[in-house]
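Worksheet: one structure, shown below.
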Amino acid sequence: MRLRYGVVALAICATLAVPGTASAGVSTTPPASPQPATYVNLARATSLRNFYHAFTLRFQLQQGSPSVLNANNSAVALTANCHDCGALAIAFQVVFVTDQNLTAINANNNADATSYACIRCANTAEAYQIIVATDEQSRLTDQQERGLAQVRAELEALQQPGLDSDQIQSQSDALANQAVSILDNPAYGVSDQEAPAGGPAAGTSTFSPAINASALPAALTESTQPVVDLYIDVKSS
């Protein structure tokens, strides 16, 4: 924001320096205030045919600096009127926000798996939601984004045949925790020689938002480290 004001100030000075140019009517437009942000991620897999196995992965990565964050992540799997069929839905949502202007986080994460008139059906819905609020960095680094892209590629590989629901969930859980490790470390993928020295500037104040209208745990309000929350909901039928 300081850079934006600086550019405007220079423009005003240049205008006033031109001979014969009137100074009256010169005005500046204040920067827009942070706005609420709503992110929705939905994975839906449906199988209605014999021997058909549906797979849907919805991987969402969002970054911003909202005043209020609304994050909704859902996975829905359905099998009906078939035999030897299956449906696997994976909703994987990552939301990275700065917390300087953040006042509230409303997070909703749910999974639903339904089977109807099915014989020998495998039906699984997995919802993974990771929310990061930090004042240490405004955006993810290139290394962090590449690490998350690798997580996405490994999630896509879960559609290979031969994996049962327990194996899929185990691997999904491991990948979710891998993503948390990537997000929790701004220096991820950077060698010690390349990593910048020091942390947040001295005297920097930290304001922690309320999650789902409730007070944050002490561990989140007393630390200047990034706040990383992982929500998991898995259903099978």
Among the residues of region 130-146, count how many are exposed (fewer than 13 other Cβ atoms within 10 Å of the Cβ) and over 23 Å from VAL40 (Cα atoms). 1
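Regarding VAL94, is this residue among the aliphatic types (A, V, I, L, M) and assigned to a helix (DSSP H, G or I)?
No; evaluated as a whole, the condition is false for this residue.
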Can you tell which of ALA149, ALA153, ALA127 is surrounded by fewer than 21 Cβ atoms within 10 Å (Cβ to Cβ), within 22 Å of ARG44 (Cβ to Cβ) and modelled with pLDDT of 95 or more? ALA153
Odd one out for SER170, checked against (1) modelled with pLDDT under 50; (2) among the polar types (S, T, N, Q); (3) under 20 Å from PHE92 (Cα atoms): (1)
Unmet criterion (only one of (1) part of a strand (DSSP E or B); (2) crowded, with 17+ Cβ neighbours inside 10 Å) for ASN70: (2)
Based on what the data block shows, is GLY86 buried (at least 22 other Cβ atoms within 10 Å of the Cβ), free of Cβ contacts under 8 Å to residues at least 60 places away in the same chain and among the small types (Gly, Ala, Ser)? yes
Would it be correct to say that VAL190 is under 19 Å from PHE59 (Cα atoms), β-branched (Val, Ile, Thr) and modelled with pLDDT under 95? no
Which condition number in (1) out of contact with any Leu (no Cβ under 7 Å at 6 or more places or on another chain); (2) under 30 Å from SER33 (Cβ atoms); (3) of a type in the set (A, V, I, L, M) is the one that LEU102 fails? (1)
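The values are calculated or read from the model by the stated rules, or taken from the named source; none is laboratory data. What you see is a predicted model, and the numbers here were worked out from it, not measured in a lab. Every residue, glycine as well, gets a Cβ built from its backbone with ideal geometry; the counts of neighbours run over all protein chains shown.
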